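Notes follow the structure.
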Amino acid sequence: MIVAKKKEGESSESLLRRFSRKVQSSGLLIRTKKGQYHVREKSRNLRREDAVKRSRIREKNEYLRKIGKLEDKPIRGRR
């Protein structure tokens with residue numbers, strides 16, 4: 001925790017300036033900005049469940065394409 005106590009005869013502006021310098025030099029802002037978009041890694045079981053769901057959806061779509069109930073989509077990125 002960063003603390004800046006007001007000195008005798010010090011103006012509020014200079015106290016604020018001194019505090020902001022302390023915050024900048026501590027690296028606290030950089031650490032919080034880096035962690036702002038941090039996404040926690042999924043557990044092994046959740047990753048497996050997601051993979052199983054994706055494979056079931058893929059199999060279902062492939063079956064529907066084979067029987068003609070689902071149109072073929074063009075592959076993205078290829079011309």
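Numbers for the structure displayed
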| quantity | calculated |
| --- | --- |
| Qualifying residues in segment 1-23 (those that are hydrophobic (A, V, I, L, M, F, W, C) and not in a loop (DSSP other than H, G, I, E, B)) - the one nearest to the chain's Cα centre (by Cα) | VAL23 |
| Residue, nearest to the chain's Cα centre (by Cα), within segment 24-79, restricted to residues that are in a helix (DSSP H, G or I) and acidic (Asp, Glu) | ASP50 |
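Read the figures in this text as sums done on the coordinates, not as results from a lab. Predicted model, so just to flag it, every value in this text is computed and none were measured.
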